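The values are calculated or read from the model by the stated rules, or taken from the named source; none is laboratory data. Since this is a predicted model, take the numbers as computed values, not measurements. Every residue, glycine among them, receives a Cβ derived from its backbone with ideal geometry; neighbour counts consider all protein chains shown.
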Amino acid sequence: MATPPVDAPRDDPDDSVLTVERLSVAYGSDEVLDRLDLSVARGERLAVLGEGASGKTTLARSLVAGLSAPAQVSGSVSYRPVDGDPVSVFDLADDERERFRRETVAVATGDAGGFDSTSTDRGQFQPALRATGTDEARAERLLSALGLDADRVLDARPRQLNAAATQLAALARAALAGPAVLVVDDCRAAVGHLVRGDRLDRFESAVGLGTDTGGADGDGPESPTVVALGAELPALAALADRLAVLHDGHVVEAGPTERLLDEPSHPHTRRLVEFYGGSR
Ligand SMILES: Nc1ncnc2c1ncn2[C@@H]1O[C@H](COP(=O)(O)OP(=O)(O)OP(=O)(O)O)[C@@H](O)[C@H]1O
C-alpha cells in the first residue's frame, strides 16, 4: 500500500465532532485502511467518496468501534461532545458502546441493517423504540420528514418496499434517539431521494426535535452531523458541504464540495471529477 502523502491537502475543521487519527485496518494480509486521518466538523454534511472495496464500510464501522475479528485495528477515533471531555471510541466499555451507537453516533446501512424480511417495519422498529425510549409517533415523524407515507412504510415488510424506502426506514430508525452524528453507509438509493427538494433539511430538523441531544446549546434543536459514504460523486456532492476522497487506504484529498469539484488537486480526485463530467 502506498505511503500516505505527507503534504496531502488537509482542511481540518476547527470544531470537530469526530476525529480519526492514523486509523489502520487490515483483514489478514489485506490492508484496507492505512493511517487514515479524517476530521468531521460539528453540524456539517460530509461525504466520503470511495470506489468499491476501498474501505468505506470499514471506516463507517470504525467510527462506532464496530469491527471485530479478523480485523486488526490501530489508530484512534475520538468523539467530542458540545460540553465535556472527548471520548475515545475504541476504549468504550460494552454497555457504553451500545448506548453510544444509539445516542451519539448512529449508523444506517444500505442493506437496512439486518431488517428481518418476515416482519413488518412496525415490528422492526419495536426493539429500537424500546432501546431508545421513544415512541412510534417519533418514528412516524421521522419517516414523514423523509417524505415517506409513515403508515404505509410501517405496515410493509421490507420486500414490499423499494430500496430507497427501505434505506430511509433504516435511517429513521438510526435517528430515533436524536444522535449527534448520523453515518449513512452505502445508501445510494436513499441519498438520491434525500437530495431532492428540502428533504434532508426537514429530516435533520426532525432528528433534533424532542430529544435530549437536540438543542444542547439551549438555542433550539441542533441538526445532526451527517457523514455519508458512497461511490457516486453526483448525488454525494449534491448532499455534502464537504467531500473527502478515500483512495489507497487513506483520505487523499478533502475540502469544500465546490472547491473539490472546481479545483481537484489529487490525481485520483481529478479522474473522479472528470469521469462524472465535473459538475454537481
Ligand atoms: N470481515 C471481513 N473479513 C475479510 N475481509 C473483509 C471483511 N470486511 C471487509 N473486507 C474486505 O475489505 C475490503 C474493503 O471492504 P469494505 O466493505 O470496507 O469496502 P467498501 O468501500 O465499503 O466496499 P463496497 O463499496 O464494495 O461496499 C474489501 O476487499 C473486503 O473484501
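The single condition among (1) in a loop (DSSP other than H, G, I, E, B); (2) surrounded by fewer than 19 Cβ atoms within 10 Å (Cβ to Cβ); (3) at pLDDT 95 or above; (4) not β-branched (Val, Ile, Thr) that His268 does not satisfy is (1). Answer yes if at least one residue in segment 62-74 is out of contact with any strand residue (DSSP E or B) (no Cβ under 8 Å at 6 or more places or on another chain), within 14 Å of the ligand (Cβ to nearest atom), in contact (Cβ under 8 Å) with a residue 60 or more places away in the chain and of a type outside the set (A, V, I, L, M, F, W, C), and no otherwise. Looking for residues that are out of contact with any strand residue (DSSP E or B) (no Cβ under 8 Å at 6 or more places or on another chain), within 14 Å of the ligand (Cβ to nearest atom), in contact (Cβ under 8 Å) with a residue 60 or more places away in the chain and of a type outside the set (A, V, I, L, M, F, W, C), one finds none in segment 62-74, hence no. Restricting the search to segment 87-145, which residues are within 16 Å of the ligand (Cβ to nearest atom) and of a type in the set (D, E, K, R)? Result: Asp111, single match. Among the residues of segment 81-102, is there at least one that is farther than 29 Å from Val32 by Cβ and free of Cβ contacts under 8 Å to residues at least 12 places away in the same chain? Yes: segment 81-102 contains one or more residues that are farther than 29 Å from Val32 by Cβ and free of Cβ contacts under 8 Å to residues at least 12 places away in the same chain. Within segment 1-22, being at pLDDT 95 or above and either of a type in the set (Val, Ile, Thr) or within 12 Å of the ligand (Cβ to nearest atom) (or both) holds for Val17, Thr19, Val20. Go through segment 231-260 and give me each residue that's away from the ligand (no atom under 16 Å from the Cβ) and in contact with a Ser or Thr (Cβ under 7 Å, 6 or more places away or on another chain). If the condition is that a residue be away from the ligand (no atom under 16 Å from the Cβ) and in contact with a Ser or Thr (Cβ under 7 Å, 6 or more places away or on another chain), then Ala237, Ala240, Asp241, Arg242, Glu253, Leu260 are the ones that fit.
When the criteria are applied in full, Ala53 meets the requirement of being within 13 Å of the ligand (Cβ to nearest atom) and free of Cβ contacts under 8 Å to residues at least 40 places away in the same chain.
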